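Engineer: The structure follows.
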Amino acid sequence: MAFRSIKNVFAQAGLATNEQFDTWSKGWRVAVENGSLESMFAYFSREGGLTEDVFLQKLAAVLEWPHLDLPKIEVIPEVRQKISTKVAFQYTVLPTRFENNVLQVAVSNPFDSAMLNSVSFDAQGPVEFALASKDEIEKALKKYYGVGAETLDEMEGEDPLELLSAENKEITEGDQDASVIKFVNQIVWEAYKDRATDIHFEPAEDELRIRYRIDGILHQAPMPPQLKRFQAAIISRIKVMSGMNIAEKRLPQDGRINIRIKGEEIDIRVSTVPTVYGESVSLRLLTRGKIFFSMDKLGFDPAEEKAIRDIIVKPHGILLVTGPTGSGKSTSLYSFLSTINSVTKRIITIEEPVEYELKGINQIAVRSDIGLTFAMGLRHILRQDPNVIMVGEIRDLETAEIAIRAALTGHLVFSTLHTNDAPSAFTRLIDMGIEPFLVASSVEAVMAQRLVRTICKHCKVEQKVERDYLRKINFPEDQIETAKFWKGAGCEECRQLGYQGRQGIYELLLVTEALRPLIMNRAPASNIAAMAMEHGMRTLRHDGWKKVQAGVTTLEEVLRVTQTEEHMKSLIDESRPELLVTK
């Protein structure tokens, strides 16, 4: 269609007067020149105060085209094959239906003549065009064709040496590099967009599975079926980017990639291990210099937050944070350090790796390959006149002994331990070989934590829960009658999951005079826990219940992170809780 006819169509649909069209067209072109990826229709609908969906409905009525709600349409493989992958991704179009020898194709821009001609030619038959938003078409393309499908056709016959010569650079949404490089970049880009913390490339006998960990849960990314053929090239590209030996495929390797996405420095830790069907590769994404949460944003109970603030300004002692990998321990420790960071305190950390860079704090990265271990680094830190020391993790007796000696000689020490709850930390240290009296006299507090997914604020609805179910999961009896519960119904913002983002739940054990004799007498963790609860300690589960009633998270989520899998299965089936009823 000619430019004038576009203006007429918009006027006829009541979407923009001629004057508005001219003004908005100029504004949109300026935005595109400045790097905006927003479509013309998205821009016009926003300027006109309409949703893009309503805008396209009005446009479709004038053009006499169908308007499609793509999330509600299932496209079968036979229909998808009517349009080549290259054309589908190049022009952002999706074949949706084939009836009476006519192919229906969803497009987002009815005025793109090059697109209309290419689709008609590629279909090799009659085509009926329909309108859908660009975002919905892009999501459907990834769902049906797989992430990076448009690059796989280009890989055929490509020189594998090209992937060795390309340097790391800024990753953008529309990379124009060689296809193997472009594919890997696109996988990282999608992970960044989805707020993933990890990417796993997992080879199987007949496929290369790629999964993202988002908000602590693994999600399989839709991938083109022919991806397995390019497994070696993809893994070699990752190894080149991370500085690994691409010829070594029999031994595990570690590496690191530094890239930039949307102006943010991303540090990617890479690990490879050999498996039966090839090398499995894991990428951990860390945003360097990322602004971490301040203490008042971590979700502490006011009383617990005050207790922690009192501990982190003490002149000496040890504060331990416990929990499994990925439970937010480092974020909590960085928040504590940030709170007390000042020109009057010398703070030194030793970490593996340095996850966040803190201005004004001396941070040391462990280098086991050259002998710089936690124990060795900590030993030398003590000669650097520190006030506060953070040890990334206490893993062995030597590190534990030096940390305790530092606490007893006038240093405040922060560190982490891998235990299931706070009371077990004392048993763990004693089992390492530390004398109980040293543990009792040096440790000031232990905080256990987990991360629970938070309810999506865009689709939050009230949830009715049967009383019998609440009693079955040991919900506080005195709160059963009055408690209210919420859940996420699922929407586009949260990818139909009902959750978006995470927050911590905590268990803070303060070492009081009543607890010290138990620790010195090697009392079981259960006895220490019972005494601590008498003195006001709230368990992970109880903190979780409080956040459930505050509408932050769900019952199922608290159960998921605070129970063993076997126990959990006896109480709840996450996919279909029998006693949960949604209003």
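The values are calculated or read from the model by the stated rules, or taken from the named source; none is laboratory data. Since the structure is predicted, the reported quantities are computational estimates derived from the model, not experimental observations. As a convention, Cβ positions derive from the backbone with ideal geometry for all residues, glycine included, and neighbour counts pool all protein chains shown. Side chains included, ligands, DNA and RNA excluded: accessible areas come from the protein's heavy atoms. Shrake-Rupley method; radii C 1.70, N 1.55, O 1.52, S 1.80 Å.
Engineer: Scan segment 30-64 residue by residue and report those that are open to solvent by 60 Å² or more (accessible area, probe 1.4 Å) and not charged (D, E, K, R).
Structural biologist: Correct list: Val30, Val32, Asn34, Leu37, Gly49, Thr51, Gln57, Ala61.
Engineer: Output the residues belonging to segment 470-500 that are closer than 16 Å to Ile214 by Cα and either open to solvent by less than 20 Å² (accessible area, probe 1.4 Å) or in contact with a Leu (Cβ under 8 Å, 6 or more places away or on another chain) (or both).
Structural biologist: Hits for segment 470-500 are Gly490, Cys494, Gly498.
Engineer: Can you name the condition, by its number, that Glu556 falls short on among (1) of a type in the set (Asp, Glu); (2) modelled with pLDDT of 90 or more; (3) assigned to a helix (DSSP H, G or I); (4) out of contact with any Leu (no Cβ under 9 Å at 6 or more places or on another chain)?
Structural biologist: The number of the failed condition is (4).
Every residue, every condition in (1) in a loop (DSSP other than H, G, I, E, B); (2) touching a residue at least 40 places away in the same chain (Cβ under 8 Å), yes or no:
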{"position": "Arg237", "(1), (2)": "no, yes"}
{"position": "Asp267", "(1), (2)": "no, yes"}
{"position": "Ser271", "(1), (2)": "no, no"}
{"position": "Asp310", "(1), (2)": "no, no"}
{"position": "Pro315", "(1), (2)": "yes, yes"}
{"position": "Val321", "(1), (2)": "no, yes"}
{"position": "Pro324", "(1), (2)": "yes, yes"}
{"position": "Ser327", "(1), (2)": "yes, yes"}
{"position": "Leu333", "(1), (2)": "no, yes"}
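Engineer: Still on this model: Determine which single condition Gly243 fails, assuming it passes every other condition in (1) open to solvent by less than 10 Å² (accessible area, probe 1.4 Å); (2) part of a loop (DSSP other than H, G, I, E, B).
Structural biologist: Unmet for Gly243, out of (1) open to solvent by less than 10 Å² (accessible area, probe 1.4 Å); (2) part of a loop (DSSP other than H, G, I, E, B): (1).
Engineer: Right, here's the next one. Mind checking whether some residue in segment 112-121 is open to solvent by less than 30 Å² (accessible area, probe 1.4 Å) and not small (Gly, Ala, Ser)? So that I can check it myself, show each step before the final result.
Structural biologist: Initial filter on segment 112-121 (open to solvent by less than 30 Å² (accessible area, probe 1.4 Å)): 115, 119.
Those still in the list that are not small (Gly, Ala, Ser) too: 115, 119.
The answer is yes; a qualifying residue exists.
Engineer: Shifting gears a bit: Does Phe414 satisfy being assigned to a strand (DSSP E or B), modelled with pLDDT of 95 or more, open to solvent by less than 60 Å² (accessible area, probe 1.4 Å) and among the aromatic types (Phe, Trp, Tyr)?
Structural biologist: yes
Engineer: When you scan segment 464-473, do you find a residue that is in contact with a Ser or Thr (Cβ under 8 Å, 6 or more places away or on another chain), more than 30 Å from Thr399 (Cα to Cα), at pLDDT below 95 and part of a strand (DSSP E or B), even just one? Quick ask: steps written out before the conclusion?
Structural biologist: At the first step, the residues of segment 464-473 found to be in contact with a Ser or Thr (Cβ under 8 Å, 6 or more places away or on another chain) are 464.
From the residues that got through so far, the ones that are more than 30 Å from Thr399 (Cα to Cα) too are 464.
Pick out the ones that are also at pLDDT below 95 and you get 464.
Imposing the further condition that a residue be part of a strand (DSSP E or B) reduces the set to 464.
Among the residues of segment 464-473, at least one is in contact with a Ser or Thr (Cβ under 8 Å, 6 or more places away or on another chain), more than 30 Å from Thr399 (Cα to Cα), at pLDDT below 95 and part of a strand (DSSP E or B), which makes the answer yes.
Engineer: Could you tell me which residue of segment 23-51 is farthest from the chain's Cα centre (by Cα), considering only residues that are at pLDDT 85 or above and of a type in the set (Val, Ile, Thr)?
Structural biologist: Thr23
Engineer: For the list (1) modelled with pLDDT of 95 or more; (2) open to solvent by 20 Å² or more (accessible area, probe 1.4 Å), I need the number of the one condition that Thr349 fails.
Structural biologist: Looking at each condition in turn, Thr349 falls short on (2).
Engineer: So how many residues does segment 355-395 have that are among the β-branched types (Val, Ile, Thr), under 25 Å from Arg428 (Cα atoms) and assigned to a loop (DSSP other than H, G, I, E, B)?
Structural biologist: Looking only at that region, the number is 3.
Engineer: Right, something else. Would you confirm, using the coordinates I've provided, whether Leu15 is more than 26 Å from Tyr145 (Cβ to Cβ), in contact (Cβ under 8 Å) with a residue 12 or more places away in the chain and open to solvent by 20 Å² or more (accessible area, probe 1.4 Å)?
Structural biologist: The answer is no for Leu15.
Engineer: Continuing with the same structure: Any residue in segment 417-437 that is open to solvent by 20 Å² or more (accessible area, probe 1.4 Å), outside any helix (DSSP H, G or I), without any contact (Cβ under 8 Å) to a residue 60 or more places away in the chain and farther than 30 Å from Met533 by Cβ?
Structural biologist: No; the residues of segment 417-437 include none that is open to solvent by 20 Å² or more (accessible area, probe 1.4 Å), outside any helix (DSSP H, G or I), without any contact (Cβ under 8 Å) to a residue 60 or more places away in the chain and farther than 30 Å from Met533 by Cβ.
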